[in-house]
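What follows is a set of notes on a single structure, which appears directly below.
The values are calculated or read from the model by the stated rules, or taken from the named source; none is laboratory data. Worth saying up front: this structure is predicted, and the values here are computed from it rather than measured. Note: ideal-geometry Cβ built from the backbone for every residue, glycine included; neighbour counts use all protein chains shown.
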Amino acid sequence: MTTAAAPAQARDQILDAAESLFARKGLGPTTIKEIGAVAELNPALLYYYFGSKEELYRAVLQRVVSALVARGGAALGAKSSPPEAIRALVAAQVEFLLTHPNAPKLLVREMVDHDARRAERMLLETAAGLFQRLCTVIRQGQREGGFRPDVEPRFAAVSTVAQGMYFAVARPAIGLFFEEGPRGISAATARAFARHAGDFAVAALRKGGDG
């Protein structure tokens with residue numbers, strides 16, 4: 001255990017350790033001492049950088065939500081047509097969840113354990129913007145005549161993003177269903193699912209179901 005890490009490095013070590021523990025154990029059972037031990041830093045540094053465990057928890061949530069939204073926003077902005085944008089968003093979401101394995105558990109714990117109370121503000125300020133952009137993309141497809149006009153864009157947006165999140169949360173069970181083992185499906189299978197999920201979302205929106 002050390003106190004000699006550079007400020008930015010020490011802060012990241014604390015956030016990484018806290019994210020892992022909060023995802024695995026939840027906010028209440030996780031102690032500052034445990035976080036310090038995993039981060040290999042003096043626990044007193046946590047209070048120096050974050051003030052309290054509650055503040056640290058919110059910082060962990062903010063980092064995860066902001067990174068997920070940034071990845072999704074970049075994907076939406078890189079594609080011109082609504083079908084391409086939806087496929088790109090789903091692929092970006094799954095790729096993020098692959099490279100941030102603690103994120104699904106952390107977000108689900110916040111919803112289940114705390115009814116999103118600690119994430120409510122950041123969801124409204126950060127994630128809501130991406131959600132509205134996805135709804136705008138769906139409405140654009142409806143205006144252009146490619147998407148069914150009878151579909152509620154908000155419902156379609158929820159269905160689109162829910163596919164990747166559920167797949168990530170249920171990854172151990174899906175690994176068993178796919179006979180890939182209890183450790184979960186492989187990255188290759190996850191990326192294949194991302195392509196399927198994007199096509200599935202677009203096909204559901206297309207007139208006549210033609211993706």
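Quick notes on this structure:
- Any hit, segment 146-154, residues being touching a strand residue (DSSP E or B) at 6+ places or on another chain (Cβ under 9 Å), surrounded by fewer than 18 Cβ atoms within 10 Å (Cβ to Cβ) and touching a residue at least 60 places away in the same chain (Cβ under 8 Å): yes
- Test: Ala70 is of a type in the set (A, V, I, L, M), free of Cβ contacts under 8 Å to residues at least 12 places away in the same chain, closer than 18 Å to Val161 by Cα and part of a helix (DSSP H, G or I): yes
- Within segment 74-96, one or more residues are loosely packed, with under 15 Cβ neighbours inside 10 Å, under 30 Å from Ala18 (Cβ atoms) and modelled with pLDDT of 90 or more.
- Count - residues of segment 107-141 that are assigned to a helix (DSSP H, G or I) and touching a residue at least 24 places away in the same chain (Cβ under 8 Å): 19
- Any hit, segment 152-165, residues being out of contact with any Phe, Trp or Tyr (no Cβ under 9 Å at 6 or more places or on another chain), over 24 Å from Arg195 (Cα atoms) and assigned by TED's automatic domain parsing to the domain that holds Ala187: no
- From the options Ile185, Ile138, residue that is modelled with pLDDT under 90, in the same structural domain as Ser80 (by TED's automatic domain parsing), in contact with a helix residue (DSSP H, G or I) (Cβ under 9 Å, 6 or more places away or on another chain) and of a type in the set (Val, Ile, Thr): Ile185
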